[in-house]
Amino acid sequence: MSTKHNIYLFQPQHAVEFRKEINYWIPYSVGCLWSYASQFTEITDNFHLAGLIFRREDPAVVLSRMENPVYCGFSAYTWNSQYCLVLAEMIKKQWPNCIIQFGGPNTNGKWLKHNFIDSIVAGEGEEKFVESLLAIQANKEPPLLSQKQRLQQLDIPSPYTTGVFDQIMLDNPGAIWSVTIETNRGCPYACTFCDWGGVTYSKIKKFELERIRQDLEWMVTRPVSYLVLGDANFGIFKQRDLEIAHMIRSAADRGRLDSININYAKNSTDVVFEIAKIIGPYSRGITVSVQSMNTDTLSAVNRENLDVNNIAKMMAISENTNVSTYTEVILGLPLETLESWKQGLAELLELGQHKSIDVWFAQLLENSELSQDISRRKYGISAINASDYTASYNTSDYKGIDEQIELISSTNTMSTTDIVEGSMYAWMIINFHVTGYTQYLSKYARYKKNISYRKFYDNLFEKIKNTEPFKEYFTQVQHVLQHYLTTGKMLEFDNHNQTGHTIHHLGGLFIYQNRQLVYKMSQQMLAELTDVDPGVISLQEFGILDQNQQYPVRLNLDFDIKTWQDVQCRYIINSSVDLDDKFDFYANRRKGLLKNTIEVLND
């Protein structure tokens, strides 16, 4: 009887800390490889899955657990590429005859420059994985490079229900898990900054509803707290996706799910709100990913944006239905200028986005059109290799290897200095307006005094830069940004382990502790532009949580804060925070609870 060959599959990711619990990611991508391969007796008779590596551990510890591997497959992306390369090189050194194969969205033929990599799979990997193992069984080597190839049918047995992950869950009995579930594959869009769509992946293929239902039922009986729906545009198939949404909600209500993250369809407003209402308390909110408000930029990156009227409609529905939205924008895209960037942020406020704005630096993903030489030359793109742009370290992670990603540091329309100033302008919008410290004042200025959001925040921007203690803090954050965008390295600041993506959120506690000075500074700025009703000053101050304030607070105003019409209104202001408990600023900010609730007091 022949001995089976040991193979190992690697998809190591940073653990996620959620509600003070450490969550590990189920290695879904490599799990799909094995569940697909397990259909074939030629594979199961000759190969043994000896290990699924899902954690960022000390590579030496990982090697110590391995036994005579003949094949090691790595799923690489921006969050684990450097770690995988280090580990693969160590494996090759210890077992020179082991076949090392890499796949994942980041990979292409250029990766063969690493002499310890034997083979690259570009594109969906299930079929190529089987072909590679069959080649090894026949004492042959897999092809150096397998080009992109779509699966014609998504009849892949689920790695969840076929037991692929049973062993790692048994080996980690106290673990909490984050999982990915696909309902379809493919994206009809071809945004140049993204590696998800493009011509090859334009046609969307669907998984069977029964497989999806069984995957969700699998979660119900396991310690799964976080679900990411791995679709590019959920809601694009209206009736089908509404049915799936009901399945998800049912599973969430019966299991341990705390949160669900969904990439919603770009132009299906009514459908996505229906889905969000179904998902209910588990939903992070609806993404309104405009990326840029500059039409020249959108044309340059092949991004057909949401019509501004549709954005306004989404904001209005959000306000009326209490379904949250969040808007993502990307700084440093082609043809964006400092002026168009600032105006774009102001336009988002004009359209009604006051709840959440998330800013990303433009990334040059390895297989995206934007990262290719022709795009770099056309738009004068300069980039830096930045360390750990999105990593979120915690005590369970090995910290000896930095991940890197290329970030655009300048273009022929935005210098690095411009990008830094644009970042600081976004820092102000996020920390002062979205968090709530100046939101009512700016709305009052806009709707009662016809002062645009752009003028209000241009003036506040100058005020912050010249008013202590904010001037010093502003300068320090600006220095952190400048250093990051020129060296790719993060400076320690304000006792935080920041990542590049979260620089825009620096200062939350500092601003909260100095909120009275924020009110004073913003009131002085507005008074330089117009006369200010004392009522709006009280509204602004009572609108933010104060641990020393007794709630509820009653307030009489001469205007309606929804319509801004002149009419006497009585309001009751309450906190959603239990002030008897130990106050956790960051937890409350993350939940949006620094903003108090304000309701009309009925007679």
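The GluC sites (Glu not before Pro) found in segment 44-95 that occupy coil by DSSP, while having at most 15 further C-beta atoms within 10 Å, are Glu67. Tell me, what ³J(HN,Hα) does each residue in segment 281-289 have, in order and in whole Hz, if you take phi through Karplus 6.51 cos²θ - 1.76 cosθ + 1.60 with θ = phi - 60° and put x for Gly and Pro? Karplus values, whole Hz, x for Gly and Pro: x, 8, 7, 6, x, 8, 7, 10, 8.
Taking a Cβ cut-off of under 11 Å around Tyr8, the surrounding Lys, Arg, Asp and Glu residues balance to a net charge of 0, with basic ones at +1 and acidic ones at -1. Taking amide H as placed 1.01 Å from N in the peptide plane, Tyr71 has its amide H under 5 Å from the amide H of Tyr8, Ile99, each at least 5 places away in sequence or on another chain.
In order along segment 467-475, the phi-based Karplus estimate (6.51 cos²θ - 1.76 cosθ + 1.60, θ = phi - 60°) of 3J(HN,Hα) comes to 10, 7, x, 6, 4, 5, 5, 4, 5 Hz; Gly and Pro are listed as x. Proximity of backbone amide H atoms, modeled 1.01 Å from N, is registered between Val290 and Glu328 at under 5 Å, excluding neighbours fewer than 5 places apart on the same chain.
Using θ = phi - 60° in the Karplus curve 6.51 cos²θ - 1.76 cosθ + 1.60, the 3J(HN,Hα) couplings for segment 110-125 round to 4, 5, 5, 4, 7, 5, 8, 8, 8, 7, 10, 10, 9, x, 4, x Hz; x is entered for Gly and Pro. Proximity of backbone amide H atoms, modeled 1.01 Å from N, is registered between Glu182 and Gly230 at under 5 Å, excluding neighbours fewer than 5 places apart on the same chain.
Measure nothing fancy, just the Cα-based angle from helix 81-94's long axis to the longest principal axis of the chain, in degrees from 0 to 90, nearest 10. On a 0 to 90 degree scale, this one is about 20. Our helix-only sum for the chain, with -39,500 (n - 2.57) per DSSP H run of n ≥ 4 divided by its residues, gives a mean residue ellipticity at 222 nm of -11000 deg cm²/dmol. Helix 515-527 and the longest principal axis of the C-alpha atoms of the chain enclose an angle of approximately 60°.
For the pair Lys205 and Glu141, label points projected 7 Å from Cα toward Cβ lie 2.9 nm apart. Within the set (i) 84, 59, 48; (ii) 71, 57, 51; (iii) 89, 51, 43, the number that Cα extents along the principal axes in Å takes when calculated for this structure is listed as (iii). Pairs from the table (Lys110/Lys203; Lys203/Lys378; Lys93/Lys113; Lys455/Lys591) lying more than 21 angstrom apart at Cα are Lys110/Lys203; Lys203/Lys378; Lys455/Lys591.
Axis angle, to the nearest 10 degrees, between helix 126-137 and the longest C-alpha principal axis of the chain: 30 degrees. Among the trypsin sites (Lys or Arg not before Pro) in segment 104-157, those placed in a DSSP loop whose Cβ has at most 16 other Cβ atoms within 10 Å are Lys140, Lys148, Arg150.
All of the numbers you see were taken from the coordinates with simple rules; none came from a lab. Nothing here was measured: the structure is a model prediction, and the numbers come from that model. Ideal geometry is used to build each Cβ from the backbone, glycine not excepted, and the neighbour counts take in all protein chains shown.
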